[in-house]
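The values are calculated or read from the model by the stated rules, or taken from the named source; none is laboratory data. Bear in mind the structure is a predicted one, so any value in this text is a computation, not a measurement. Cβ sites come from the backbone with ideal geometry, for glycine too, and all protein chains shown count toward neighbours. Only protein heavy atoms, including side chains, enter the accessible area calculation; ligands, DNA and RNA are left aside. Shrake-Rupley method; radii C 1.70, N 1.55, O 1.52, S 1.80 Å.
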Amino acid sequence: MLCICGFAIATGGASRIVLGYDSYGNTCGRNNSKIEGVPLSGGDMTEKKYVFFLDPCNLDLINRKIKSIALCVSKCPATELQTYNDVKQFALSNGSYLCSYDISATRYPSHSERGTKCPKLPVPPSKAVLFLHRCLPVDIGCYAEFAQAFITFISDNTMLRRVVAGVMASKEIIMGLCVLALGKTLSQHGLILLPTSHSTIYSGCAVLWWLYADHRKALSTNTTTVFGKEVASDNVKALLISAICATIFTVVLLLVMFILRKRVALTISLFHVAGKVFIHLPLLVLQPFWTFLCLMLFWVYWIAVLLFLGTSGTAVKNNSTGVVEYEMKGPLQYMVWYHAVGLIWISEFILAFQQMTIAGGVVTYYFTRNKSQLPATPLLSSMIRTVRYHLGSLAKGSLIITIVKIPRLILTYIHTQLKGKENACARCMLKACICCLWCLEKCLAYLNQNAYTATAINSTSFCTSARDAFLILVENALRVAAINTVGDFVLFLAKILVVSCTAFAGILALNYQREYTVWVLPLIIVCVFAFLVAHCFLSVFENVVDVLFLCFAVDTKYNDGSPGMPGEHFTLLQSRDHRL
């Protein structure tokens, strides 16, 4: 992928994106070579460092095509130019020619093709975009047509208007609730508050019914405006739906907890042991931040290189428009596909690096009998060991996931394109293949995670570690099934607790804005944010639990509790006074 990036830079793709280029293949700010069949190419644009669009409001960004002709100019017009005489004076005084290169500045007002080769009047004042050297209008009124259509759509849709008004009126509350969701999620890393989730959900259900009765009573005696009555009516409906859903969920939760009460108790005990890991390894809480930051940086790099590739290759003149476009021909065009594969592979590699780092830190914690002798920063030590010894294992494991994921994505794309066109048999086969590949991907991802743990324990290669982890998981199949099923349910309860607390706090906060705020969209926004944050952080906790279980299984297999092989699991059992 670095070679692909180097190719894009060497062939001028990067410079065309950063410096800009005109419609005739000239890169602004450089002396260009002639392109065969394009008379206006090969110009010396050393002094013309900015791209100017004749009609800046006619940009088709969706199709990645510029409908307006682009020129290289030495200066962007800072003031509005009303007539072609103003364009002429601007060119003569500043040396910045805003019409096509084959028209002299003195002929701007009288040229017969000034309507197509000169800027559309009036020329709005523009300013160069930082680092991209494009002249874009300063006044966003240039895009007033789209804005006006959007405003008209909002105004004509009464319900949408009330919802948007509710979001704008409660934006401070939404931001505060998002911060609350983040704090609540961080407090859940040890799941110490998990036993209180039931009472919180039950209390929230009761409060929802109380708020519904109170709002319904207030609606019957409401003497406010028509808009206020509509908002109050919408809130009553939202409260009724929320109360019914909360009641149904509470009943289902009671039934499940009654059926799985013994297994849940054992799993929660295991989670309390995992909570101790977070106390000794507090940097585990920051793992989602580092991983998210690395993914964002890589995705920015990937998009930048993709844009570079879009302007690399051979210059080809479009006969219908006369504009020069860049196309890669022959084997070079497959670099885009390889770059797309790299997006999946390296994204999986970054996620695997997080799993390996967590596994190394937790393994160090588990097999260190005297916890006071732990390294100062076990996670940083694990990260250094991963970089020094285990990058090949991560590359192989992430490649396996990529090989399985690519066919699934291709089949999903084919299914989307053929929706409504294929027969029932073909549709069923496609869905079956997609489902099977998805299941295979999840199984391999789980095996990879345990292979990384085995690598952290034994420092063996990926294949050897995967074999050892598979054998251990098979030997402890019943334990694995119990911990995965019940553990996932307990983690789901933790996520529900975060979402429920955030939604409950949101309802109480929005209760003071009854007359002018529709609750539905603000609550949906904060609940979705709370669930995503809870999922990201609790997935780290789930990873820690899986690593602890494999450490426990390896420990019980090779250490029987004798004086020579005491085993760390006996210490844990005695300290917790229960059987795992």
Thr116 accessible area, 1.4 Å probe, all protein chains in place, Å² to nearest 10
90 Å²
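Ordering Tyr84, Tyr108, Tyr413 by how much accessible area each has at a 1.4 Å probe, largest first, what is the list?
Working: Tyr84 45, Tyr108 0, Tyr413 140 Å².
Solvent-accessible surface, decreasing: Tyr413, Tyr84, Tyr108.
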Per-residue accessible area for Ser112 at 1.4 Å probe radius, Å² rounded to 10?
110 Å²
Rounded to the nearest 10 Å², what accessible area does Phe308 show when all protein chains are kept and the probe is 1.4 Å?
30 Å²
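Ordering Phe552, Phe131 by accessible area with a probe of 1.4 Å, largest first, what comes out?
Final ranking, largest accessible area leading: Phe131, Phe552.
Once you list every other residue whose beta carbon is under 10 Å from the beta carbon of Tyr108, what net charge do they have if Lys and Arg are +1 and Asp and Glu are -1? Intermediate results must be reported in sequence, preceding the final value.
Numbers: positive: Lys88, Arg107, Arg114, Lys117; negative: Asp86.
Residues close to Tyr108 contribute a combined charge of +3.
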Could you give log10 I(q)/I(0) at q = 0.11, 0.22 Å⁻¹ for the range 328-458, computed by the Debye formula over C-alpha point scatterers of equal weight, without solvent?
-0.55, -1.19
How do Trp210, Trp345, Trp290, Trp337 stack up against each other in accessible area, from largest to smallest, with a 1.4 angstrom probe?
Trp337, Trp210, Trp290, Trp345
